[in-house]
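The values are calculated or read from the model by the stated rules, or taken from the named source; none is laboratory data. Since this is a predicted model, take the numbers as computed values, not measurements. We place every Cβ from the backbone using ideal geometry, glycine too, and count neighbours over all the protein chains shown.
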C-alpha cells in the first residue's frame, strides 16, 4: 500500500549543500515522484500539522556538529506537539559520527555516511509500509552496533544530481568526494573515505546545461576537498582532465562564470604549480585561490599528518601571486601539540603572507567527531593572539569566526 507522503526537510544555511544534493536525489527518484517536498528555512509547526492531515509526514535534518544544540531543541519541540505521529530522520556529519546520540535527540532513524541512496530507500520503505532493517546505513533505536561510514557502500556521484532543480534548492556542483590524506583535525576521511571519486565531465555538463536552461544559471562554483586533484587518483594532479572539465564547462551557452579552487573548495599546497595555475587562469572567474596551509610550524603539520611543509605552503602562495591569483590561506590556531613558539611562527607567517599580497582565513581548532583529534582539548587563543588576529582583521586582510569557534570547540569537547 502506498501512503501519501510529505517530506519536510528543514533547510539551514550551514547544511545547504548536502540538503540540495539529498533533495535532488529524492526529486529524481521515480519511486518517490508522489512525495510532496518542502524545505522550510524555519521550523513551521502549522505546516507540519497540515501535512499530517494528508498522510505520512517525514521530517529530515542534516546535522553538523556545530548545530547540535539548535537541532535538539527543534526535535524536542516537534515531539512535544506531534509525539510519534511524525517520522524524523537525521543524517550528516554529526549523525554519522554520533548516531546513538542523535537517535536520543528524538529521531526515529539516522542515515550514516553518504545519504543519497540510503535516504531514498528509507523513504520508499516508509511510504510502502515495508521493513527498513536491510537498508545499509539506515539505523533505528533497535540497532545495537551501528556501522561506521567506511564499511558502507560508496555513492557513484554520476548516479545522482548535485542539487534539486525542481525545488530550486541549489548550490555548487560537487566534483570530487573523498580524500586520501587523513589530516587528523578533519572528519572527511571518516565520512567519505580515502578513495577519491570524481563526477564525470559528461554528468557535470548535463546538470549545468539543465541548470542554465531551467533555472537561468549564469555562474557556477565547483566543490572539492582538493580542487586541483580533479580527474586524478587523489595524490597527483591530472592537468589534462582538469582542463577538459573547465574547457567544457566554460563553453556552455549562457554560463558566464565558472569558479574553481576558491571557497568553498580548497587546494593543497603541493598541488600548486605555475603550469596548472596558468591553465586555470584561462577559464575561471575567481580572483582568489583557497590554500590550506593550516600552521606556520612544520612540527604541528607533522602532528596533524598534513604531509606537506611550511616552505611548500609559502612556495604555493608565491606561485599563486605570480599567476595572478590572490591566495586566501587557511590557518588553524590551537591545534594539538602547538607550543607558544609554534603560535608565534604562525602569526609571523600570517604577517608575511599579507605583506606579499595574500589574505588569511583564521580558524580555531575544533575537536570534530569522526576526526582523529576528536578527543583532544579544544583550541583556545591567548589574549596576545586574539589581539594580533583582530588587528589583521581590522586591516581587512584576515577573516574568520575564531571567537565563535572557540565557544563551539568547548561545547564539542564536552560532548566527546
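Points to keep in mind about this one:
- Residue match in segment 237-254 (condition: in contact with a strand residue (DSSP E or B) (Cβ under 8 Å, 6 or more places away or on another chain) and in a loop (DSSP other than H, G, I, E, B)): no
- Residues being crowded, with 20+ Cβ neighbours inside 10 Å, closer than 10 Å to residue 6 by Cα and either under 27 Å from the mean Cα position of the chain (by Cα) or free of Cβ contacts under 8 Å to residues at least 24 places away in the same chain (or both) are represented in segment 58-66 by at least one member.
- Whichever residue in segment 122-155 is part of a loop (DSSP other than H, G, I, E, B) and within 17 Å of the chain's Cα centre (by Cα) and, among such residues, is farthest from residue 33 (Cα to Cα): 154
- Of the residues making up segment 284-301, those that are under 18 Å from residue 247 (Cα atoms) and in contact (Cβ under 8 Å) with a residue 40 or more places away in the chain number 1.
- Residue count for segment 195-218 satisfying the condition of being outside any helix (DSSP H, G or I) and either more than 12 Å from residue 176 (Cα to Cα) or in contact with a helix residue (DSSP H, G or I) (Cβ under 8 Å, 6 or more places away or on another chain) (or both): 8.
- Taking the criterion of being under 16 Å from residue 190 (Cβ atoms) and surrounded by 13 or more Cβ atoms within 10 Å (Cβ to Cβ), the residues of segment 144-159 that qualify are 146, 147, 148, 149, 150, 152, 154, 155.
- Of all residues assigned to segment 263-279, none qualifies as being under 15 Å from residue 398 (Cα atoms), crowded, with 20+ Cβ neighbours inside 10 Å and either under 21 Å from the mean Cα position of the chain (by Cα) or at pLDDT 95 or above (or both).
- If you go through segment 324-358 and keep only what is outside any helix (DSSP H, G or I) and over 30 Å from residue 94 (Cβ atoms), you end up with 324, 325, 326, 327, 339, 356, 357, 358.
- Taken as a whole, the structure places residue 304 among residues that are touching a residue at least 60 places away in the same chain (Cβ under 8 Å), in the same structural domain as residue 292 (by TED's automatic domain parsing) and surrounded by 15 or more Cβ atoms within 10 Å (Cβ to Cβ).
- Matching entry among 170, 175 (being under 21 Å from the mean Cα position of the chain (by Cα) and closer than 18 Å to residue 290 by Cβ): 175
- Within segment 391-412, considering residues that are assigned to a helix (DSSP H, G or I), surrounded by 15 or more Cβ atoms within 10 Å (Cβ to Cβ) and over 21 Å from the mean Cα position of the chain (by Cα), the one modelled with the lowest pLDDT: 410
- In the set 129, 115, 141, only one residue is assigned by TED's automatic domain parsing to the domain that holds residue 78, surrounded by fewer than 18 Cβ atoms within 10 Å (Cβ to Cβ) and either in contact with a strand residue (DSSP E or B) (Cβ under 7 Å, 6 or more places away or on another chain) or under 21 Å from residue 75 (Cβ atoms) (or both); that residue is 141.
- First in segment 319-335 and on the phi > 0 side of the Ramachandran plot, second anywhere and part of a loop (DSSP other than H, G, I, E, B), Cβ under 7 Å, 6 or more apart: 334/365; 334/379; 334/380; 334/381
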